[in-house]
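Visitor: This is the structure I want to talk about, given as structure tokens.
The values are calculated or read from the model by the stated rules, or taken from the named source; none is laboratory data. Since this is a predicted model, take the numbers as computed values, not measurements. Because the Cβ atoms are built from the backbone with ideal geometry, glycine has one as well, and the counts that use them run over all protein chains shown.
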2 protein chains.
Amino acid sequence: MPDHSNRDGPRPSLRVRRVNLDTGRENVVVLSRRSSALRPDIFRGFSRVELQHGSKAQLATLLITDDDALVGPDEIGLSDPAFRRFAEPAGSLVTVSPAASPQSLDAVRRKIQGATFEPDEIEAIIRDLTHYRYSDMEIAAFLISSASFMTSRELLALVHAMAVAGTQLKWPSEIVVDKHCIGGIPGNRTSMIVVPIVAAHGLTIPKTSSRAITSPAGTADTMEVLARVDVSVEEMKEVVAACRGCLVWGGHVNLSPADDILISVERPLCLDTREQMVASIISKKIAAGSSHLLIDLPVGPTAKLANANEAMRLRKLFEFVGDQFGIAVEVITTDGRQPIGNGIGPVLEAADVMSVLSNEPGAPADLREKSLRLAAHLLEYDPQLRGGTGYARARELLDSGAALQKMQGIIDAQGPSTCRSDVGKLTYDVRAARDGTISEIDCLQLNRLARTAGAPIDKGAGIKLFCKIGDRVESGQPLYRIHAYDQSELDLVVSAATRDSGYVINARQPLPAEPTS
Amino acid sequence: MPDHSNRDGPRPSLRVRRVNLDTGRENVVVLSRRSSALRPDIFRGFSRVELQHGSKAQLATLLITDDDALVGPDEIGLSDPAFRRFAEPAGSLVTVSPAASPQSLDAVRRKIQGATFEPDEIEAIIRDLTHYRYSDMEIAAFLISSASFMTSRELLALVHAMAVAGTQLKWPSEIVVDKHCIGGIPGNRTSMIVVPIVAAHGLTIPKTSSRAITSPAGTADTMEVLARVDVSVEEMKEVVAACRGCLVWGGHVNLSPADDILISVERPLCLDTREQMVASIISKKIAAGSSHLLIDLPVGPTAKLANANEAMRLRKLFEFVGDQFGIAVEVITTDGRQPIGNGIGPVLEAADVMSVLSNEPGAPADLREKSLRLAAHLLEYDPQLRGGTGYARARELLDSGAALQKMQGIIDAQGPSTCRSDVGKLTYDVRAARDGTISEIDCLQLNRLARTAGAPIDKGAGIKLFCKIGDRVESGQPLYRIHAYDQSELDLVVSAATRDSGYVINARQPLPAEPTS
């Protein structure tokens, strides 16, 4: 039975000390087993404590130490995130009491038992989440309680609560367009081509992107090779005022902060439900002030969506939720059987993008075509544009160099990149093991290999592809080149690629033997 | 999508260092942000790592530090539980690789999506759990995925997997009896009276008990006031060989270790489902080698079961599972409206027990009666005993002093207690606020108050009750006395009891006013 009444009476004070431990998202504090003011053994039954300083309060998970050099009996050690969020200097006096779970967790318990959430319950949960009052375990409880079953009413309440929990951007233009891909396909940096095309046309497209969490590059990681992406809300508004578009990291803009927190638990648990995906994306777009949204759903055997039926169910859910919040949502399915473009990893992907924008002869045709197709959809949102001419207009803006010029403008407005942008000089070519035709490419495996090579931390690490599905190859011909900065990383990825290159090559079939009968 | 293929190739070695941090159940390791051999930023995407030394491997959750004094670039810091379990001396060289979730978690993900577990999947989950391969978050995922819905087949597979995951005791006697109460009622130390009665009769009753986790005393905490309880399997067997019965802590006996791990996550989340309760209890009893089991289900407004209907559903589940495993399970419901006995807290409860066994005139009648009733049921399992004479036989063994003598024998066999056993000298009497009749006692609130007073860590802290439901009291008359060792604990509990004493007193009703019409 839940118990919220453990905050009894006055508690003795402890001195704040910073403990140099990065505990990720979770607030963690360390207490001495011989604590002069507290009884860790008793606290241990609770495992969560509440720190108080004046009217400021913070929940944290408790660890115990016997080492006075770490935390003395009169001290309370705050790990990095707890220290940063509590924002009181070392030496401050705080009181510490045993803390029960946040009250909103009662609704999660009822949901686990089969109840549905009321909108105000979801609002309270999201509020507690964004104030770091939930432990990882409690976040997992919320996610899993909702993962098996969620009503439309619950989903809409979740989207709303997430959208209003952080920054909410407003724009002077009536039409604010955006695009979003659900991810999973290596390369596929269409946003960096679509945004300059659409902005060059004159529509407002204030694009915020994420950094890679488990993939070898996010759009923010790749754009960072060309320009600064780590901008504040005010800077972002200036860039959009000047250029109509931007390509920035969403981290400092604080759109739907609950989303980042939920993702930090979904990822290690590999939870990936349609409802949570829709809530994540639509809440961020509502907060970003988008009026028109194009969603890209890649479909393929190693993509997030394996077939057209799955894609249709997800499309309907996006459309339903978009309609409820007055966002014009359009969803298209795209070919997700293999990487888009030739590069995987920030520097290699940025090179692909710039070669398409520059109309270089060797620019990857698949990346160009997909970007034009997406831009065409967005341009059709312009009431001034004659229906059906979106694609032609997009191609015109790209071929004329207007998109490239717009990209240069955005890069100048965001400011110069400060990160290393050379391609990894340590290389290894992975070669075809037989003659034949490439029939499959495993997107998951290529993502893993590029990540093992060092991407996205090492901007120039990754993979450059030489051939795609349908290409004929001969035994020994290079399929792709691995790039790394670091020999030990290269060794690791070579050994992994040797076990599984990610490519399937169908040998030419020998003629069937003559029937012997 | 789950990814189990991150263990690529050889990894450079790091030197083991112990980090003085008690992280509870979870294995935690600390890595330097400037680690010479590893890339914490890259690892961070994974958050779990695998340590290897020869054929020994261990999964752990990763924290990062910038402090060389804590963990240097060539080192890996192991928190207390990880250091103890990995069991390699400081300075040993280990390799560390990014680790994905255990493979058995795939089944948990399918269960969340609506599938049911196969028996071999549950077996793999329990095996990984007991080898500390699950993070708290992953354990929460397993528990919650099962909390909403569990088939009979899943439940039986869970009970079996848990029962065989640790020690499995065997006894020379054919009939091995045991009793278990689902808890929640303060006082209620019937086991310490039932075991000596039943053992004095000659039945085998090797009782293992738990320590309190969130209550003010478990049977193991209370028995520890009288004797050593912290015994090995071998010692336990010697005690039972000598006395027919024992009253020991189950912690070192390692019966159903997965149960303790699951409970460590159920408690903070306040998850309490019938299926998990039944799996927990029956798996421990199978492992303990019990042939006949009596289960006590207290029913009352502040007990774990609120009404007879809930109790009946739980009873049927216990009977069903017991039958499947060939254990004769009998379930009785008892009065759970108020505490049993007068003491709450180890020393005060031990005093109640000894006064009943010694037939003292002031011994609590409710504790005596309930113990006799439970013992009667157990004695009826003896084929030699004439049906219906269990109660009379139990009373005979208690009244004659045979049970007391048996208890002395058990105490002698287990060895003397080494803990402090004086009642807390700091006291405060909580008094009736009005004249009237006691109509309700809140078991949850009394448990909280006794715990705030310091129980079970302070053995002599707790509450001594002076009156029970139905007693007439006058304003100012003491309802109960709080005992503590420590003034600050006493202050806390007094302030909590002043807000809510846990007692409801119905005032004498004034005569109704004359009708005025």
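Visitor: Could you list, in sequence order, all residues of segment B:237-269 that are crowded, with 24+ Cβ neighbours inside 10 Å and charged (D, E, K, R)?
Guide: Answer for segment B:237-269, where residues must be crowded, with 24+ Cβ neighbours inside 10 Å and charged (D, E, K, R): just B:D259.
Visitor: Can I ask one more? Just the residues that are under 18 Å from B:R267 (Cα atoms), away from chain B (no Cβ under 12 Å) and touching a Pro at 6+ places or on another chain (Cβ under 9 Å), please, taken from segment A:104-154.
Guide: Within segment A:104-154, A:R133 is the sole residue that qualifies.
Visitor: Next up: Hey, among the residues in segment A:463-488 that are of a type outside the set (D, E, K, R) and within 13 Å of another protein chain (Cβ to nearest Cβ), which one's surrounded by the fewest Cβ atoms within 10 Å (Cβ to Cβ)?
Guide: Per the stated criteria, the residue is A:Q487.
Visitor: Is it true that some residue in segment B:269-280 is modelled with pLDDT under 95 and touching a Pro at 6+ places or on another chain (Cβ under 7 Å)?
Guide: yes
Visitor: Let me ask you something else. Being modelled with pLDDT under 95 and of a type outside the set (G, A, S) is the filter here; which residues of segment A:500-517 pass it?
Guide: A:N506, A:R508, A:Q509, A:P510, A:L511, A:P512, A:E514, A:P515, A:T516, listed by residue number.
Visitor: Still on this structure, I have one more. Has segment B:275-287 got at least one residue that is surrounded by 24 or more Cβ atoms within 10 Å (Cβ to Cβ) and among the hydroxyl-bearing types (S, T, Y)?
Guide: yes
Visitor: Follow-up question, since we're still on this one. Give the number of residues within segment A:1-17 that are modelled with pLDDT of 90 or more and within 10 Å of chain B (Cβ to nearest Cβ).
Guide: 0
Visitor: I would also like to ask the following. A:S79 fails exactly one of the following numbered conditions: (1) within 24 Å of B:T214 (Cα to Cα); (2) within 33 Å of the chain's Cα centre (by Cα). What is the number of that condition?
Guide: (1)
Visitor: A further question follows. Scanning segment B:192-222 for residues that are aliphatic (A, V, I, L, M) and touching a Ser or Thr at 6+ places or on another chain (Cβ under 7 Å), which turns out nearest to the other protein chains (Cβ to nearest Cβ)?
Guide: Going through the qualifying residues, I end up with B:A220.
Visitor: Pick out, from segment B:331-411, the helices (runs of 4 or more DSSP H) lying fully within it that include 1 or more residues that are closer than 26 Å to B:K316 by Cβ.
Guide: Fully inside segment B:331-411 and qualifying: B:365-379, B:390-399.
Visitor: Enumerate the pairs (first residue in segment B:353-372 and modelled with pLDDT of 95 or more; second residue anywhere and among the β-branched types (V, I, T) and not in a helix (DSSP H, G or I)) with beta-carbon separation below 8 Å, excluding pairs fewer than 6 apart on the same chain, so at least 6 apart or on different chains.
Guide: B:P364/B:I340; B:D366/B:I340; B:L367/B:T190; B:L367/B:I340; B:K370/B:T190; B:K370/B:T334; B:K370/B:I340; B:S371/B:T190
Visitor: Sort through A:V504, A:V423, A:V493 and tell me the only one that's of a type in the set (A, V, I, L, M, F, W, C) and either free of Cβ contacts under 8 Å to residues at least 60 places away in the same chain or assigned to a helix (DSSP H, G or I) (or both).
Guide: Only one candidate passes the filter, namely A:V493.
Visitor: Taking the options B:A311, B:A303, name whichever one is in a loop (DSSP other than H, G, I, E, B) and of a type in the set (A, V, I, L, M, F, W, C).
Guide: Just one listed residue meets the conditions, B:A303.
Visitor: Next question. Filter segment A:155-181 for residues that are β-branched (V, I, T) and surrounded by 24 or more Cβ atoms within 10 Å (Cβ to Cβ); which is nearest to A:V353 (Cα to Cα)?
Guide: A:V177
Visitor: Still on this structure, please answer the following. Among residues belonging to segment A:53-73 that are more than 13 Å from chain B (Cβ to nearest Cβ) and surrounded by fewer than 16 Cβ atoms within 10 Å (Cβ to Cβ), point out the one that is nearest to the chain's Cα centre (by Cα).
Guide: In this case the residue turns out to be A:K56.
Visitor: I've got another one for you. Output the residue which, of all residues in segment B:218-236 that are touching a residue at least 40 places away in the same chain (Cβ under 8 Å) and within 14 Å of the chain's Cα centre (by Cα), is surrounded by the most Cβ atoms within 10 Å (Cβ to Cβ).
Guide: B:T222
Visitor: Still on this structure, please answer the following. Which count do you get for residues in segment A:182-208 that are of a type in the set (A, V, I, L, M, F, W, C) and surrounded by fewer than 24 Cβ atoms within 10 Å (Cβ to Cβ)?
Guide: 2
Visitor: Under the condition of being more than 19 Å from A:S209 (Cα to Cα) and of a type in the set (S, T, N, Q), which residue from segment A:288-307 is surrounded by the fewest Cβ atoms within 10 Å (Cβ to Cβ)?
Guide: Among residues in segment A:288-307 that are more than 19 Å from A:S209 (Cα to Cα) and of a type in the set (S, T, N, Q), the one surrounded by the fewest Cβ atoms within 10 Å (Cβ to Cβ) is A:N307.
Each row is one residue, and each column tells you yes or no for (1) assigned to a helix (DSSP H, G or I); (2) touching a residue at least 40 places away in the same chain (Cβ under 8 Å); (3) not polar (S, T, N, Q).
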site	(1), (2), (3)
B:G114	no, no, yes
B:D120	yes, no, yes
B:E138	yes, no, yes
B:M150	no, yes, yes
B:R153	yes, no, yes
B:A163	yes, yes, yes
B:T167	no, yes, no
B:V177	no, yes, yes
